[in-house]
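Below: the structure, in structure tokens.
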Amino acid sequence: MSTGPHTRDRIITILESVKDPEIPVISVRELGVLRDVGLAADGKVAVTITPTYTGCPAMDVMAADIKQALREAGITKVEVKQVLSPAWTTDWITEEGRNKLKAYGIAPPPHTADIRALKGCAPVVECPRCGSGNTAMLSAFGSTACKALWKCNDCLEPFDQFKCL
Amino acid sequence: MSQALNTYTLRLADDLLILSHRLSEWCGHGPILEEDIALTNRALDHLGEARNLLTYAGQAIGKSEDELAYGRMERWYTNVKLVEQPNGDYAHTIVRSFLFDAYHLPLAEGLTRSTDAQLAAIAAKAVKEATYHLRHSSEWLVRFGDGTAESHQRAHAALADLWTFTGELFETDAVGDAMVKAGVAPEMAAIKAAWNNTVDTVLAQATLERPVDGFMATGGRKGLHTEHLGFILADMQHVTRAYPGASW
Ligand SMILES: [Zn+2]
């Protein structure tokens, strides 16, 4: 697969250090934002990313961080492309990513993020602190575009939930 | 990109850009913290969709999204007058968004099946967000309408004020017809039917009476606006006009 001095696997390993600037425990790969890594014959690296939310201001930062991480590893010929289609869904967050969100205090999104789940879903959202399912949504809009605000009725702590999308 | 597609894309973009600006005016002024956050989140969603659309429209005519947002005067903006109306009280802001959301969601759903791949891709992202937006504005409208006598009265007054701006959402002209024919845009009649259905359902829940159709404002799609748009653009554009080409 590798035609240049770098292998695709090595680049993906390097990119593991690039985190979501607003949730600095989860990498762009675990978030499902990293869609593809391409290697051209001349050694040029093309990284394809997709936005979580349309207006996600973190995208430009992620693109800059990807370039910097690769530059620090000696890879300077890098192009970061943004694609909209297929549209990102919370189902692309990896299992380890979901666990990291939870450990960080953010309830991971419910699965089956299709439009039916969006419209009708009243999923059980577990409190990331005590694990209780006795929780309630305070607001569908939270601290960032991708999160909703919830509270736990048992331990009484408020928490962020990664919205189902 | 044809001239009609360019015009159509700019219309979609301008509605969202101007509504986004209006909603962002609530930043730091929301009635409660959760709503302050909700409105700024919505502003960001609308802005994100507007940016994608402006970028797409601009590519065809050699202009950047910034040049289109900051470089056009009032007469070149083709948003509907509804979205430029002042925020007023919270009921006004919610009713304005509700009337728009009930249109934006079926429009975005229709555009996901557009023969134009880029508009379809932008819509596929927007439709999920628009679902949250409509739910948010509907819930507040029900809370106001079915709340206290004062909240009911305010929601009623906002509906009465803004109703005259709803006709423009469903206007058709040569550009719109060409887009429907090309399979780029969904049929306006279908969007209107979905809008009617949402409006009637939510207003009934909110115990609010649907206003009777009377005079309907028009002209936004041709660049003829209410006096409010000029003030929005003055606010939005003054830095780039004072320091052309500045970057930081
Ligand atoms: Zn708890």
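The values are calculated or read from the model by the stated rules, or taken from the named source; none is laboratory data. As the structure is a computational prediction, the values presented were derived from the model and not from experiment. We place every Cβ from the backbone using ideal geometry, glycine too, and count neighbours over all the protein chains shown. Side chains are part of the model used for accessible areas, which takes the heavy atoms of the whole protein and leaves out ligands, DNA and RNA. Shrake-Rupley method; radii C 1.70, N 1.55, O 1.52, S 1.80 Å.
Quick rundown of the values:
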{"read-out": "Net lengthening on full extension, A:CYS155/A:VAL25 (0.36 nm per residue, minus Cα-Cα)", "value": "44.4 nm"}
{"read-out": "Mean residue ellipticity (222 nm) of the protein assembly as shown, computed from DSSP H runs ≥ 4 via -39,500 (n - 2.57), nearest 500", "value": "-16500 deg cm²/dmol"}
{"read-out": "P(r) histogram, all alpha-carbon pairs of the range B:90-161 included - 5 Å bins from 0, percent", "value": "3, 19, 22, 16, 13, 10, 8, 5, 2, 0"}
{"read-out": "Extension gain from B:ARG135 to B:ALA242, taking 0.36 nm per residue of separation minus the Cα-Cα distance", "value": "34.5 nm"}
{"read-out": "Spacing of the two label points (7 Å from each Cα toward its C-beta) at B:ASP213 and A:ASP36, in nm", "value": "4.7"}
{"read-out": "Nearest-0.05 FRET efficiency for B:ASP36 and B:ALA182, computed from C-beta distance (R0 51 Å)", "value": "0.75"}
{"read-out": "Point-to-point label distance, B:THR148-A:VAL124, nm (Cα→Cβ direction, 7 Å offset)", "value": "3.9"}
{"read-out": "Rounded to 10°, Cα long-axis angle of helix B:149-162 versus longest principal axis of chain B", "value": "30"}
{"read-out": "Hydrodynamic radius by Kirkwood, which averages 1/r over all alpha carbon pairs of the range B:20-137, in angstrom", "value": "15.2"}
{"read-out": "Buried solvent-accessible surface, both chains (B, A), 1.4 Å probe, Å² to nearest 100", "value": "2200"}
{"read-out": "DSSP beta bridge pairing in the protein assembly as shown, given as percent antiparallel to the nearest 5", "value": "70"}
{"read-out": "Cα long-axis angle, helix A:58-72 against chain A (0 to 90 degrees, to the nearest 10)", "value": "40"}
{"read-out": "Taking the convex hull of Cα positions in the range B:149-202, its mean projected area over all directions (nm²)", "value": "4.5"}
{"read-out": "Where labels lie 7 Å past Cα in the beta-carbon direction, separation of B:ALA60 and A:LYS44 in nm", "value": "2.7"}
{"read-out": "Cross-link reach list, lysines versus B:LYS222, counting only Cα pairs under 17 Å and skipping chain neighbours closer than eight places", "value": "B:LYS81"}
{"read-out": "Environment charge of B:PHE170, counting only residues whose C-beta is closer than 12 Å and scoring Lys/Arg +1, Asp/Glu -1", "value": "-3"}
{"read-out": "Whole-percent pair-distance distribution, where bins are 5 Å wide, for the alpha carbons of the range B:3-242", "value": "1, 7, 14, 19, 21, 18, 12, 6, 2, 1, 0"}
{"read-out": "Nearby lysines by direct alpha-carbon distance to A:LYS100 (threshold 26 angstrom, same-chain neighbours under 8 apart not counted)", "value": "A:LYS19, A:LYS67, A:LYS147, A:LYS151, A:LYS163, B:LYS125, B:LYS128"}
{"read-out": "For the protein assembly as shown, with +1 on Lys and Arg beta carbons and -1 on Asp and Glu, the positive-most of B:ALA157, A:LEU39, A:GLY97 along the dipole", "value": "A:LEU39"}
{"read-out": "1.4 Å probe, heavy atoms, protein only - residues of the range B:14-60 losing at least 30 Å² accessible area vs chain alone", "value": "B:GLU34, B:ILE37, B:ASN41, B:LEU44, B:ASP45, B:ASN52"}
{"read-out": "Computed FRET value (nearest 0.05) for B:TYR70 with B:GLU171, which takes r as the C-beta separation and R₀ as 35 Å", "value": "0.85"}
{"read-out": "Net charge dipole size for chain B [Lys, Arg +1 and Asp, Glu -1 on Cβ; Debye, nearest 20]", "value": "540"}
{"read-out": "Rg to Rh quotient for the protein assembly as shown, alpha carbon positions, Kirkwood Rh", "value": "0.98"}
{"read-out": "Viscosity 1.002 mPa s, 20 °C: Kirkwood-radius Stokes-Einstein D of the range A:1-85 over Cα pairs, µm²/s", "value": "167"}
{"read-out": "Rotationally averaged projected area of chain A (alpha carbon convex hull; nm²)", "value": "9.8"}
{"read-out": "Whole-Hz couplings from phi, Karplus 6.51/-1.76/1.60, listed for the range B:93-98; x for Gly and Pro", "value": "4, 5, 5, 4, 5, 4"}
